Every structure is written in C-alpha cells, then in structure tokens.
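Okay, so here's the structure we're looking at.
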Amino acid sequence: MKTFRSVALALAFAGLAMPAAAWSPPSVGTACSGTRGSGPERAAIAGNYLGGRALRHGIVDRKSFQGCFRSTADCEHWLAGKARHFPLQPGFATCTRVVLR
C-alpha cells in the first residue's frame, strides 16, 4: 500500500509540472540590432505584429511578434502570415523603415 501511495504521489507531482511548461513564452522574432555611436549606416525594415486567436470558451491567445527584414515586401509577407494565425482585433501590424549603425 505504501508503494502505491508513493507512485500516486510521484505521478501527481509530475502532472503538476507538465502544465507549467505550456506557459513558457514563445520566441517572438529577431529585433533589428545596431550599435551606439558612429559607424556605417544601413537601412532595415522593422516588423511588429500584435494579434490574437480564440481558443475556447472566451479565452483568447494574444501574441506580439517582431522581426527585422531587408525589404518591405518581405515584412508584409510575414505580417500576412501572422494575420492568418492571429486574426482577432485589437491589434496592429506595421513595417517601419529604420536606420541602423
């Protein structure tokens, strides 16, 4: 009987640990990086997306993503993909030209 309790207790603790892993934040993309000070300048396109998707019973999964792109067309293609997966409003989707050093 003591062995059964030990096994049941171990399984209960293992079951409690599993949902915690589901709450780890997803990777959100790569921000445009630069350095401070003087140096050569380069242009990039910073993409930002905020949206959500309905999961169940009024629960909404909201996510924010960022990315750095070489062209506006690449950024807009990325935004369209995010909008397919996270279509709920309110949200924003922008492609902004930035100058990096």
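The values are calculated or read from the model by the stated rules, or taken from the named source; none is laboratory data. All figures in this text were calculated on a predicted structure; none of them were measured in a lab. FYI the Cβ positions are ideal-geometry reconstructions off the backbone, even for glycines, and counts take in every protein chain you see. Keep in mind that these areas ignore ligands, DNA and RNA; they rest on the heavy atoms of the full protein, side chains included. Shrake-Rupley method; radii C 1.70, N 1.55, O 1.52, S 1.80 Å.
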Can you report the number of residues in region 77-101 which are open to solvent by 80 Å² or more (accessible area, probe 1.4 Å) and not polar (S, T, N, Q)?
8
Count of region 50-64 residues which are touching a Ser or Thr at 6+ places or on another chain (Cβ under 7 Å) and either closer than 15 Å to Asp74 by Cβ or small (Gly, Ala, Ser) (or both)
0
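Can you tell me which residues in region 48-101 are assigned to a strand (DSSP E or B) and of a type in the set (Phe, Trp, Tyr)?
Residues of region 48-101 assigned to a strand (DSSP E or B): 48-56, 59-69, 88-100.
Answer for region 48-101, where residues must be assigned to a strand (DSSP E or B) and of a type in the set (Phe, Trp, Tyr): Tyr49, Phe65, Phe69, Phe92.
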Let me spell it out: the conditions are (1) open to solvent by 70 Å² or more (accessible area, probe 1.4 Å); (2) more than 20 Å from Ala31 (Cβ to Cβ), and Asp74 meets all of them except one. Which number is the exception?
(2)
Test: Arg36 is modelled with pLDDT of 80 or more and open to solvent by 80 Å² or more (accessible area, probe 1.4 Å):
no
Identify, please: which residue in region 49-71 is touching a His at 6+ places or on another chain (Cβ under 9 Å) and among the basic types (Lys, Arg) and is, among those, most open to solvent (accessible area, probe 1.4 Å)?
Arg53
